[in-house]
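**Student:** Let me begin by handing over the structure; questions about it come next.
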Amino acid sequence: MDMSQYLSMFIDESRDHLQAMNDSLLQLEASPKDISIVQVIFRSAHTLKGMSATMGFEDLASLTHEMENVLDLVRNHKLDMDAFIFDCIFKSLDSLESMVEDIIQGGTGKADVSSIVASLKSIVSGDYLKGEAAAAPTASAAKSGGSGELDEFQVSIIEQSIQAGLAVYKLEVSVEDTCVLKAARAYMVFNYLENQGEVIKSSPSVQDIEQEKFDKSFTVYFVTTVEQAVLEKEVGNISEIESAKATLFTPELLEQMRHAQIEVQASSAQTAAAAAAPALTPAAPAANTPAAAPAKAATGGAPVANKTIRVDIERLDTLMNLFSELLIDRVRLEQLASEVRRTDLTETVEHMARVSSDLQNIVLKLRMVPVDTVFNRFPRMVRDVAKSLNKKVDLVITGADTELDRTVIDEIGDPLVHLLRNSVDHGLETTEKRLEIGKPEVGTVNLRAFHSGNHVFIEVQDDGNGINRDNILNKAMKNGIVTADQARTMTDEEVYMLLFASGFSTAEKISDISGRGVGLDVVRTKIESLGGSVSVTSTLGKGSNFSVQLPLTLSIIAAMLIRVGQEKYAIPLSSIVETAAVKTSAIRSLHGTRVVEYRGGVIPIISLGKLLDVPGYEQADKNEQEIVVIRKGDKIAALQVDDFIGQQEIVLKSLGGYLNKTFAVSGATILGDGQVALIIDTNALIK
C-alpha cells in the first residue's frame, strides 16, 4: 500500500498531537495530581503511536510506546509525577518533534533515542529511584560520574575501547560567561573531537546543546588516541572556551562504575516491589472511565459536527493566483468602461467590482492564520529558558486569535523567539534581585497581538530592569555609531533603536546593557523584509516593551504608482512617508551626495531614472522636481521621479528564479492596461 498520499495528513496530525501534549504537560506541571490532564496526554501519545506504526516510522512508534507505558502508570495511580519524569517526557517530546521535522525535510524519521528510551524504561521497571536515592544512588556512583549518565551499552563500549588500547576521557568543557553563541562554540568543540576520535555520549544531549539548552558547561565521553594534555590544550584554545578538563578512564574506574550500577539496580528492585503493592486498588479499572467525560460534558451529550476542513497550501496559492488575474482584468475593464462611457457597461463593471471586492476579502481570509500557531510553542520555550536560568517566569499571552497572512506567520517565529529569550534571560532580574528591590519573585512577560488598521501589532513586554539609556549611548559613541553632539539631542526612542545597530552588543559584556541588542539587528532585518517595523519603549527599573508592526498580508498591497522615463513603477505605501515637490535649486551636493532640506534636516535624494538606468530617462530641466520620501526604520531618503500616477491596490508577483537578485526590485505587478510595473524595494535604496 502506498503511504505517500497520507504523508501530509500524518505530518499535520503529528504536529497537532505534539503541540497538544506540550500544552497539556505544562498544565500538568502546574497541577501534577490532575489525572484528567494525564488522560489527555495519554490519548495523544496513543494516537501518535498508532499513526507512526501505520506509516512505518518505527522509531517514532517505539518512543511513543515507552511514553505511553509511563503515562499509563501515572493515570492508574501507580506512579506520581515528579521533576525527573517531567524532564523525561519533555525530552521525549523534543525527540519526537525532531523526528517529525526530519520526515518533513524528506528524511526517514530515524533517530538515536536509546538514552531517553532507557530512562523511560527505568521508570516503568522500577529501576528509577525517587527523591534523594535518585539524586545520589551510591558513593561509588557519584565518584564514577557514570551510573546516572551512561547506560550499560555505553559502559560496554568504554570497556572494549580500553581493552583495545585506546584512551577514553570524560571531558568537561566550560564556555566563557560573555559567550554569545554558545551553540556555535560547542559545534567547534564537537568538530575537533569527531576528527580526533569518537564521541560516545554528551550531557546534555547533542540536540539540547545545538539549541543552547545548557547553562555554561557540558560533558563529553570520548574515545581517542590523543594524549590528555594535548586534548585539554586544543579544546581550551578554541575561541570563547574557558576551560577543558579531561578525566582518563582506567580499568579501576570502570570497575567502580559497574559496581555502582549493580548497587543501583538492586536498590531499585526493592523500590519497585514496594511501589507495586498499593497499585492493586479499585482505582485502576475506574481510571479509564473519565477519558470520554470532558468531550461529552462540553457538548451536553450531543455530537458536534466537524465545521473545519484541511486544505493543502498549494491549493490556496493557486486560488490566490487565479484571483490575482481576475483583479488585473477588473482594473482593465474599469479603464475600458470609463473610455466607452456606456451606462449599462459601467453599471455591470461596478457590480463586478463590488462582487470581486467581497471575493477578495474571502480569499484573503482563507490565507489568514491565527498567530496562535506560532505563539503555542512559546510557553514551553519560556519554561525551558527560565528553568535553565533558575528564574520564575509567568508568560501571559493575549490576542492569540489575531490573524495574519500565512506567508507572514511562516517568517515571524524566529524574531519573536529572540525577543522572548532576551526578555527572560536579560530583561528579567534574578529571583534574589527581584525580592531585594521589592518586586514579586515571579517575573512577568506579556506577549500580545492585536489589529490596528491594515496592520497587526505584536508586543513583547517584561517587568524587568529596563534599558539603561546612558550605557547604550556610551557604548554607541565608543563604537563610533553616534557622535557626542548627536547623543546630546537624541530622544529615548532614538537611543533604544541603537540596539538594532549591526553587532552593537558583541564588543563588551552582555551585562553592560542588560543583554539587550544581542542579535537584534537580525530581528529588525527579518521584520523589515516582511514590510514591518519594530520599536522599543522602556522605563529603567520597571521594564521594556518591544513592539513589532506587520502588514496583514503580503499578497495584495496598496502602492503608489509613479512614472520614470517611459517606465511605470510601484512603491509600497507602507514605505512612503509623503510625496512632495521641491525646487530644483534646493537640491544641493554634499560630499558628492545629492541632498535636499526636509523638515528642518537634510536627507539624501536619489534619482530613480539614473540609478535604474531607465530607458528614455532624461534629466528634465524643470523648476520643480517630484519626490517620494521613503523610510527604513529611523533612516529617511527621497526618490526623485518624473510623475505621480496615483494609488492602487496591486497584486504582488515574484520575478521568478532567474531574476530573484535584481537590485532594488522586490517583485512586479500587472496594471489594468496590461503593462508590467516593477515594485521598488525601498529598503535596498537606504543604507
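**Student:** Using only alpha carbons, build the gyration tensor for the range 370-551 and give me the equivalent ellipsoid semi-axes, biggest first, whole Å.
**Tutor:** Equivalent ellipsoid semi-axes, largest first: 25, 22, 14 Å.
**Student:** Assuming R0 = 45 Å, can you tell me the calculated FRET efficiency for the pair Ser654 and Glu240, based on Cβ-Cβ distance, to the nearest 0.05?
**Tutor:** The formula returns an efficiency of 0.65 here.
**Student:** Within the range 547-687, how many Lys pairs sit with Cα atoms under 18 Å apart, leaving out pairs fewer than 8 places apart on the same chain?
**Tutor:** Summing the qualifying lysine pairs gives 9.
**Student:** Shifting gears a bit: Neighbour counts of other C-beta atoms within 10 Å: give me Ser119, Ser125 arranged from fewest to most.
**Tutor:** Ser125, Ser119
**Student:** Right, here's the next one. How big is the range 143-253 along each principal axis, measuring the range of its Cα positions in Å and listing the largest first?
**Tutor:** 40, 27, 24
**Student:** Given a cut-off of 16 Å, what percent of all Cα-Cα pairs of the range 4-125 lie beyond it?
**Tutor:** 56
**Student:** Among 34-44, 397-407, what's the highest-first ranking by average C-beta atoms within 10 angstrom per residue?
**Tutor:** With the highest mean Cβ count within 10 Å placed first, the list reads 34-44, 397-407.
**Student:** Output ³J(HN,Hα) for the range 159-173: one whole-Hz value per residue in order, computed from phi by the Karplus curve 6.51 cos²θ - 1.76 cosθ + 1.60 with θ = phi - 60°, and x for Gly and Pro.
**Tutor:** In residue order, the calculated couplings are 4, 5, 5, 5, 4, 7, x, 8, 8, 10, 10, 9, 9, 9, 10 Hz.
**Student:** Return the whole-Å distance between the Cα centroid of the range 30-54 and the Cα centroid of the range 196-245.
**Tutor:** 36
**Student:** So how far, in whole Å, is the C-alpha centre of the range 524-556 from the one of the range 618-651?
**Tutor:** First find each Cα centre; the distance between them is then 25 Å.
**Student:** Among the listed pairs Lys78/Lys182; Lys170/Lys391; Lys49/Lys387; Lys91/Lys392; Lys392/Lys478; Lys233/Lys392, which have their C-alpha atoms separated by more than 32 angstrom in this model?
**Tutor:** Distance filter (> 32 Å) returns Lys78/Lys182; Lys392/Lys478; Lys233/Lys392.
**Student:** Once you list every other residue whose beta carbon is under 13 Å from the beta carbon of Val582, what net charge do they have if Lys and Arg are +1 and Asp and Glu are -1?
**Tutor:** So the surrounding residues net to +1.
**Student:** To the nearest 20 Debye, how big is the dipole of the range 4-125 about its Cα centre, given +1 on the beta carbon of each Lys and Arg and -1 on that of each Asp and Glu?
**Tutor:** 340
**Student:** Right, something else. Which whole-Hz couplings ³J(HN,Hα) result when phi for each residue of the range 521-527 is put into the Karplus expression 6.51 cos²θ - 1.76 cosθ + 1.60, θ = phi - 60°, listed in order with x for Gly and Pro?
**Tutor:** 5, 5, 4, 5, 4, 5, 5
**Student:** Shifting gears a bit: Quick one: go through the range 385-419 and flag any residue whose amide nitrogen is under 20 Å from the point 7 Å out along the Cα-to-Cβ line of Met368.
**Tutor:** In the range 385-419, the label zone of Met368 (backbone N under 20 Å from the point 7 Å along Cα→Cβ) covers 398-413.
**Student:** Using the Cα atoms as the points, what is the convex hull volume per residue of the range 556-685 in Å³?
**Tutor:** Normalising the Cα hull of the range 556-685 by residue number yields 122 Å³.
Bear in mind these aren't lab numbers, they're just calculated from the coordinates by the rules spelled out. None of these values were measured; they are calculated from a predicted model. Using ideal geometry, Cβ is built from the backbone for each residue, glycine included, and neighbour counts are taken over all protein chains shown.
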